[in-house]
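K.L.:
Sharing a structure below in structure tokens format, with a few things to ask.
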Amino acid sequence: MDFLQELGIKEKNLGSCTGTQWLKTENQGELKIYSPTDGKYIASVYQSSENDYEKVVQQAEKGFLQWRKIPAPKRGEIVRQIGLKLRVYKKDLGRLVSYEMGKSLQEGLGEVQEMIDICDFAVGQSRQLYGFTMASERANHRMYDQYHPLGIVGVISAFNFPVAVYSWNAMIAAVCGDVTLWKPSSKVPLSAIAVQNIIGEVIKDNNLPEGIFSLIIGRGATIGERLLNDKKIPLVSLTGSTKVGKHAGEIIAARFGKAILELGGNNGIIITPDADLKLALPAVVFGAVGTCGQRCTSTRRLIIHESVYNKMKDALVKAYNGLKIGDPLDENNHVGPLIDKEAVTMFRNALEQAKEEGGSIISGGEILSGKGHESGCYVMPAIVEAGNDFKIVQEETFAPILYLIKYSGGVSEAIKLHNDVVQGLSSSIFTNNLKEAEEFLSSEGSDCGIANVNIGTSGAEIGGAFGGEKETGGGRESGSDAWKAYMRRQTNTINYGSEMPLAQGIKFDI
């Protein structure tokens, strides 16, 4: 495929890079990557050794000592150039993301656009790493706070967003003066190698030191654990399951490191009697089936008032019956495959459990085969009537399963149902009732990090801080003031007088 060659993807690829220099290890196992789209072999990646890890980290430490000295707006200029390079490679990289991961081409291209957008955002942020001046209680004193770079930022990304989530972290970290060590998912390493090659062009064009943008591909049990335990990495940003996040959080906290955890979601949409159902329908369907239900913001639960329940259910079933499922590179298709056959098994098992608990599958749920579905990773997205208290509903199944849950009272009842899960990432309400909308957004409303009105749970813009509460981890990435997580805060007090008054009026004469 032409896009592989354009992105520098070879038949066999090295798995660790300090910026432009690839380490030569070939004896730690070989990841053979097959596309869930058609089951065909794409290319392989040699996994990194622990010795490779140490070499990459050592180079990152050296790179940081130089990078932090460069003025932030000039660091922003480098990020601007990365954004320009991504524009050049957008079509090819979007196709690779789609083919390697299985999301639709539109979503693959959108993911690269998200990288471009965060570059633009970070360029502006490079001139706004602001602190605040506070009034001192002591005469002739000035007090203010400022922010300094942390050092190496470890980024552990998940398969469902092979490139975008990395950029949320790496581009913001870069303008903050940090360097980045990226460990991508072993399920989608080719997209990461392609991004490293693109960034490498900018490094070469500007004669930048090695170690600013580094890549390490390897086993979680070795490379991943080394990264989590490494005191030389003050901040780790991890995207993954709640189980993985709990493990990582404990390790990082034990060494007093900082963590940005973006974990599971069990996202709900409330449909009230005052909802515009025509407005809600496309948002719900895209939220539930986009990326084949493999987004942390995918819509999992639809909490519908009984007065509009049947109407909404019928509209959903009709929409699902019209879904086109197949090759994600074909823009006529709505839904591509799940990432692998293990994910298909999880999908099947979740539906069986839902039925055992009393749920009813009213649409979809089949495993697809035959022409166009030869990889064995295609499924028909499912709609299930269920109870919010079902054990399976309380969990996050990373697959296109939408649970319909009926409520009969006011919006407060719906909110209570909505919040009655352990995750707290994204949420939404569809209503034209101002009181209902404001209650949903109030302190008594949604307990999620993201709360929307009359839009879906999926597809957040980069301008807002992204992240959730409860077992979603509490981290924030991307926009707003999320940049502060990538820096260390320092309070400064300057005495420009000739006396030494103490705070709180304390007297200490010597």
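The values are calculated or read from the model by the stated rules, or taken from the named source; none is laboratory data. Nothing here was measured: the structure is a model prediction, and the numbers come from that model. Glycine also receives a Cβ, built like all others from the backbone with ideal geometry; neighbour counts cover every protein chain displayed. In case anyone asks, the SASA skips ligands and DNA or RNA and just uses the protein heavy atoms, side chains included. Shrake-Rupley method; radii C 1.70, N 1.55, O 1.52, S 1.80 Å.
K.L.:
Calculated from DSSP H runs of 4 or more alone, at -39500 (n - 2.57) each and per residue, what is the 222 nm mean residue ellipticity of the chain, nearest 500?
P.N.:
-11500 deg cm²/dmol
K.L.:
Additional query: Determine the distance separating the Cα centre of segment 462-510 from the Cα centre of segment 181-224; give it in Å without decimals.
P.N.:
Rounded to whole Å, the Cα centres lie 31 Å apart.
K.L.:
Compute the distance in nm between two label points, each set 7 Å from the Cα along the Cα-to-Cβ direction, one at Lys74 and one at Val317.
P.N.:
6.6 nm
K.L.:
How large a share of the accessible area of the chain, in percent, is made up of carbon and sulfur atoms when the probe is 1.4 Å and the other protein chains stay in place?
P.N.:
Details: 10550 of 21380 Å².
On the chain, the fraction of accessible area on carbon and sulfur atoms equals 49 percent.
K.L.:
Oh, and also: State the three equivalent ellipsoid semi-axes of the chain, derived from the C-alpha gyration tensor as the square roots of 5 times its eigenvalues, in descending order and whole Å.
P.N.:
Whole-Å semi-axes of the equivalent ellipsoid: 40, 32, 19.
K.L.:
With unit charges on the beta carbons (Lys and Arg positive, Asp and Glu negative) and the dipole taken about the Cα centre of segment 377-490, which residue among Met487, Asn388, Ala414 sits farthest to the positive side?
P.N.:
Met487
K.L.:
Let me ask you something else. For an R0 of 51 angstrom, estimate the FRET efficiency from the Cβ-Cβ distance between Ser412 and Tyr41 and round to the nearest 0.05.
P.N.:
According to the calculation, E is roughly 0.40.
K.L.:
What is the distance in Å between the Cα centroid of segment 344-389 and that of segment 113-180?
P.N.:
Using only Cα atoms to place each centre, the spacing works out to 41 Å.
K.L.:
What residues have an amide H closer than 5 Å to that of Val379, excluding those fewer than 5 places away on the same chain, when H is modeled at 1.01 Å from N in the peptide plane?
P.N.:
Amide H neighbours of Val379: Leu338, Leu368.
K.L.:
Using DSSP to define loop residues, name the trypsin sites (Lys or Arg not before Pro) in segment 184-288 whose beta-carbon has at most 13 other beta-carbon atoms within 10 Å.
P.N.:
Here the sparse-neighbourhood loop sites are Lys231, Arg255.
K.L.:
If N is the number of residues in segment 1-145, what value comes out of its Cα radius of gyration divided by 2.2 N^0.38 Å?
P.N.:
Taking the Cα Rg and dividing by 2.2 N^0.38 Å, one obtains 1.45.
K.L.:
Top to bottom by accessible area (1.4 Å), largest first, where do Tyr53, Tyr496, Tyr41 land? Can you show the working numbers first?
P.N.:
Values: Tyr53 0, Tyr496 150, Tyr41 90 Å².
Result, largest first: Tyr496, Tyr41, Tyr53.
K.L.:
Now, a different point. I need to check one value: relative contact order of the chain, counting alpha carbon pairs closer than 8 Å and at least 6 residues apart, in percent.
P.N.:
Numbers: 1171 pairs, mean separation 90.5, N = 510.
Here the relative contact order equals 18 percent.
K.L.:
Taking only protein heavy atoms and a 1.4 Å probe, what accessible area per residue, in Å², does segment 216-328 have with all protein chains in place?
P.N.:
37 Å²
K.L.:
Residue by residue, what Karplus-based ³J(HN,Hα) values in Hz, rounded to whole numbers, does segment 320-328 have, using 6.51, -1.76 and 1.60 with θ = phi - 60° and x for Gly and Pro?
P.N.:
Going residue by residue, I get 5, 5, x, 5, 9, 10, x, 3, x Hz, with x marking Gly and Pro.
K.L.:
So with the 1.4 Å probe, I'd like the accessible area per residue for segment 363-410, rounded to whole Å².
P.N.:
Result: 36 Å² of accessible area for each residue.
K.L.:
Here's another thing I want to ask about it. Rounded to whole Å, give me the distance from the Cα center of segment 47-101 to that of segment 272-309.
P.N.:
37 Å
K.L.:
Below 8 Å between Cα atoms, with a sequence gap of 6+, how large is the relative contact order for segment 351-510 in percent? Can you show the working numbers first?
P.N.:
Values: 203 pairs, mean separation 20.9, N = 160.
It comes to 13 percent, rounded to a whole number.
K.L.:
On average, how much accessible surface per residue is there in segment 414-488, in Å², for a 1.4 Å probe, leaving out ligands, DNA and RNA?
P.N.:
41 Å²
K.L.:
Quick check on packing: order 416-423, 99-106 by the mean number of other C-beta atoms within 10 Å, highest mean leading.
P.N.:
By packing density, highest mean first, the sequence is 99-106, 416-423.
K.L.:
Give the share of C-alpha pairs in each 5 angstrom bin for segment 397-510, from 0 to the last occupied bin, in whole percents, shortest bins first.
P.N.:
It works out to 2, 9, 14, 17, 14, 9, 6, 5, 5, 5, 5, 4, 3, 1, 0, in whole percents.
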